[in-house]
Amino acid sequence: MLDPLGLDSSTEDVYRALLQHPDWGVCDLAAHLGLTEEIVRGALDLLADMALLRPSQNHPSLFRPVRPEVGLASLLARSERELQRRQREIADTCAAIAAIALEYEAVRDRERGSFERLEGLDRVRARLEELAYEAQDECMSFMPGGAQTPDAMEASEPLDQLAIARGVLIRTIYQDSFRNDADTLRYAQWLTALGGQTRSTPTLPMSLLIVDRTVAMVPLDPADPRLGAMEVSAVGIVAALCALFEQVWAGAVPFGETRVNEHGLSPVEHELLRLLMDGQTDEGAARRLGLSLRTVRRSMSSLMTRLGARSRFQAGAMAVQRGWL
């Protein structure tokens, strides 16, 4: 039953027996459970390593079982953190696979017209208008960087309105930091009221637009979208980008909701702590989260106060100790 936490059946039986009979020794446990003393000792070592046993106050040579609501809850929280880490790795891997496949298909399928290089913002915006008019079923997009430029929103508004009127489903994922910009926030509210679906997440890998699951637009250089974009219609690449979008969408927070985890951390606060543990500077974290440097420092100061930490290093250590990371 507790295999997902790293406890095999024998170790679980030993732990359960100790909860009922905390004064039993190796011989008693072996006789009661029908196990060899060697197996019981191995189970006790594993339980001690997993902090499910601790030395007795009165008899340091003996170990007492830790209450399950404390010990097992800690193991469960550790498993959940590992699962979250793996999910982030999978998302990063999907993005990496898509990028590698894009490079490969660009060479292989150039003659088949599966790729078109669009140089400069003017050409990109002109093609975006064409795609918006051509869309029949669905438009999915990533909007990284927080605040959107007023001219971009002004240009998108009539296109979005016409598409929704035709029955096109529009799903947009912003970075959480967009909520700090009044104009972008108003645009998201307008789009949601019109029938579009909007969610947000702390970080996004790049800007992205997918139309009818048949054509996608990705930046030539994610670090500088002004250089232009690549229009992709290769089936395998578009399918990979759709999978990436769906994975990010599933973990994003719907517009209008405020989600915090069991520790009272917002997604942005949790991501900021993770970036701190990864060695990111305040400037680097601000770029990744699409926030101002002042906002990042204010949030970090608030987290340190809640943790009772006197330094960034201590804050990171205490966050791990409390199971926040």
Open item on the list: Among the residues of the stretch 97-115, what is the count of those that are open to solvent by 80 Å² or more (accessible area, probe 1.4 Å) and either farther than 14 Å from ALA240 by Cβ or modelled with pLDDT under 60 (or both)?
Closed with: 5
Open item on the list: With modelled with pLDDT of 80 or more and crowded, with 20+ Cβ neighbours inside 10 Å as the only criterion, which of THR172, THR184, THR214 stands out?
Closed with: THR172
TODO: Report yes if VAL296 is open to solvent by less than 20 Å² (accessible area, probe 1.4 Å) and either β-branched (Val, Ile, Thr) or in contact (Cβ under 8 Å) with a residue 60 or more places away in the chain (or both), otherwise no.
DONE: yes
Task: Scope the stretch 1-26; condition modelled with pLDDT under 75 and open to solvent by less than 10 Å² (accessible area, probe 1.4 Å); matching residues - done: LEU7
Task: Selection from the stretch 202-211 of residues that are farther than 18 Å from ARG226 by Cβ and buried (at least 22 other Cβ atoms within 10 Å of the Cβ) - done: PRO202, ILE210, VAL211
Open item on the list: Being open to solvent by 40 Å² or more (accessible area, probe 1.4 Å) and among the hydroxyl-bearing types (Ser, Thr, Tyr) is the requirement here; does THR198 meet it?
Closed with: no
Task: Within the stretch 168-241, strands (runs of 3 or more DSSP E) holding 2 or more residues that are hydroxyl-bearing (Ser, Thr, Tyr), under 23 Å from the mean Cα position of the chain (by Cα) and over 14 Å from CYS139 (Cα atoms) - done: 197-201
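Rundown of residues vs (1) in contact (Cβ under 8 Å) with a residue 12 or more places away in the chain; (2) touching a strand residue (DSSP E or B) at 6+ places or on another chain (Cβ under 9 Å); (3) farther than 19 Å from LEU131 by Cβ, yes/no style:
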{"site": "GLN161", "(1), (2), (3)": "yes, no, no"}
{"site": "ILE164", "(1), (2), (3)": "yes, yes, no"}
{"site": "LEU169", "(1), (2), (3)": "yes, yes, no"}
{"site": "ARG179", "(1), (2), (3)": "yes, yes, yes"}
{"site": "LEU185", "(1), (2), (3)": "no, no, yes"}
{"site": "GLN197", "(1), (2), (3)": "yes, yes, no"}
{"site": "MET217", "(1), (2), (3)": "yes, yes, no"}
- [ ] State whether one or more residues within the stretch 147-154 are surrounded by 16 or more Cβ atoms within 10 Å (Cβ to Cβ), closer than 23 Å to LEU291 by Cβ and in contact with a Ser or Thr (Cβ under 6 Å, 6 or more places away or on another chain).
- [x] yes
TODO: Could you list all residues from the stretch 187-199 that are at pLDDT 85 or above and either among the polar types (S, T, N, Q) or under 20 Å from ALA229 (Cα atoms) (or both)?
DONE: GLN197, THR198
Open item on the list: For LEU272, only one of the following conditions fails: (1) under 21 Å from THR149 (Cβ atoms); (2) touching a Ser or Thr at 6+ places or on another chain (Cβ under 7 Å). What is its number?
Closed with: (1)
TODO: With respect to LEU265, determine if the residue is of a type in the set (A, V, I, L, M, F, W, C), in contact (Cβ under 8 Å) with a residue 12 or more places away in the chain and assigned to a helix (DSSP H, G or I).
DONE: no
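The values are calculated or read from the model by the stated rules, or taken from the named source; none is laboratory data. On a predicted model such as this, the values are computed, not experimentally measured, just so you know. Cβ: placed from backbone, ideal geometry, glycine included. Neighbour counts: every protein chain shown. SASA here: full protein model, heavy atoms, side chains in, ligands and nucleic acids out. Shrake-Rupley method; radii C 1.70, N 1.55, O 1.52, S 1.80 Å.
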